[in-house]
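Heads up, the thing below is written out as C-alpha cells.
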Amino acid sequence: MPNARVLRDIKARNIVKANEVLRRAYLYVARNETLSPQVRHQAQLQLNTFGKYTRPTTVKNRCAESGRGRGIISEFALCRYQFRLKALKLELPGVRKASW
Amino acid sequence: MAAAIRPMRLAALTRSRCSIFQTAYNPTSARTGAKYLRARLRGPSMVKYYTPEANIAQIMRQWPELEMRNFAEEERLQDVEDKKKRGKGAPKKAKEKGDSRRASRRR
C-alpha cells in the first residue's frame with residue numbers, strides 16, 4: 001500500500017491529465033490580447049472554477065517507496081536514501097558504484 | 001543610406017512568406033495565447049511517473065479461471081477470527097450518539 005501522499009499525487013496526476021486540454025483552451029482565450037476584455041474575463045472566471053487537482057502545479061514528484069517529497073531522483077521515482085538502498089542491493093538496472 | 005526599402009513592402013514580403021510557409025502572421029508581436037496551444041501535453045508523461053502496482057485482488061476478479069489465492073488477505077481474515085475467539089474482536093457499532101464508549105467515558 002503506497003504512502004497516503006503518493007496516493008494523493010496519483011489522484012492529482014490523473015485529474016490533471018483528464019482536464020489538461022480544457023484548461024489549455026481556457027488559458028488560450030484568457031491570455032489572448034486580440035480578443036475583447038469581456039471574453040477574456042469570462043474565460044479567466046471559468047478557469048478559477050476549476051478544482052485544485054486540475055492544476056499541474058499540484059503535481060509533485062514523490063518517492064514511490066517512502067513518499068518523501070524532497071531529494072527525488074526522477075528517473076527512478078525514488079528519494080536519495082531509497083535509491084541508495086536499492087542501488088547497493090543491485091535492484092536498479094545499470095546502476096553501480098562510481099569510481100574514476 | 002543606399003536603397004532604404006519601404007516598411008509597407010517589407011510587411012508585404014513577410015505576409016507572403018508566412019502564407020507560403022503556412023506560419024502565423026503576427027507583425028506587431030501581439031500576444032495571441034498561441035503558446036498554450038502550441039506546447040506539448042504533459043498529462044500522459046505525468047501519469048507514467050509511478051509504475052502501477054500489481055493488485056492480486058484485481059487479478060483475481062478479472063481472471064477467476066486462474067484460481068489464485070490471496071495469501072495476505074487469507075492471513076488477515078485468520079487473524080480476525082483468532083481475535084474473536086480470544087474475545088478481542090471489534091466492538092459493536094454505536095447506534096445512537098450516547099451509546100459510544102467515548103461519550104460514556106466523558107461523563
Within the stretch A:1-55, which residues are of a type in the set (A, V, I, L, M) and either open to solvent by less than 40 Å² (accessible area, probe 1.4 Å) or touching a helix residue (DSSP H, G or I) at 6+ places or on another chain (Cβ under 7 Å) (or both)?
A:Val6, A:Ala12, A:Ile15, A:Val16, A:Leu27, A:Val29, A:Ala30, A:Leu35, A:Val39, A:Ala43, A:Leu47
B:Met68 vs. criteria surrounded by 11 or more Cβ atoms within 10 Å (Cβ to Cβ) and either over 30 Å from A:Thr57 (Cβ atoms) or touching a residue at least 24 places away in the same chain (Cβ under 8 Å) (or both)
yes
Just a yes or no: is a residue in the stretch A:44-55 among the hydroxyl-bearing types (Ser, Thr, Tyr), touching a residue at least 12 places away in the same chain (Cβ under 8 Å) and under 30 Å from B:Leu37 (Cβ atoms)?
yes
Test B:Lys35 against the stated conditions and say whether it is touching a Gly at 6+ places or on another chain (Cβ under 7 Å) and either among the acidic types (Asp, Glu) or surrounded by 11 or more Cβ atoms within 10 Å (Cβ to Cβ) (or both).
no
Of everything in the stretch B:8-23, what is assigned to a helix (DSSP H, G or I) and either of a type in the set (D, E, K, R) or on the phi > 0 side of the Ramachandran plot (or both)? Give them in sequence order.
B:Arg9, B:Arg15, B:Arg17
Search the stretch A:69-100 for residues being in a loop (DSSP other than H, G, I, E, B) and within 14 Å of chain B (Cβ to nearest Cβ), and hand back the single one that is most open to solvent (accessible area, probe 1.4 Å).
A:Glu75
Go through the stretch B:71-98 and report how many residues are more than 29 Å from A:Met1 (Cα to Cα) and open to solvent by 100 Å² or more (accessible area, probe 1.4 Å).
3
Among the residues of the stretch A:12-41, write down those that are outside any helix (DSSP H, G or I) and within 9 Å of chain B (Cβ to nearest Cβ).
A:Arg31, A:Asn32, A:Glu33, A:Thr34, A:Leu35
Helices (runs of 4 or more DSSP H) completely within the stretch B:30-73 that count 2 or more residues being touching a helix residue (DSSP H, G or I) at 6+ places or on another chain (Cβ under 7 Å):
B:34-38, B:43-47
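The values are calculated or read from the model by the stated rules, or taken from the named source; none is laboratory data. This structure is a prediction, so every number in the text was calculated from the model and none was measured. Cβ sites come from the backbone with ideal geometry, for glycine too, and all protein chains shown count toward neighbours. Quick note on the areas: whole protein, heavy atoms, side chains included, nothing else; ligands and nucleic acids left out. Shrake-Rupley method; radii C 1.70, N 1.55, O 1.52, S 1.80 Å.
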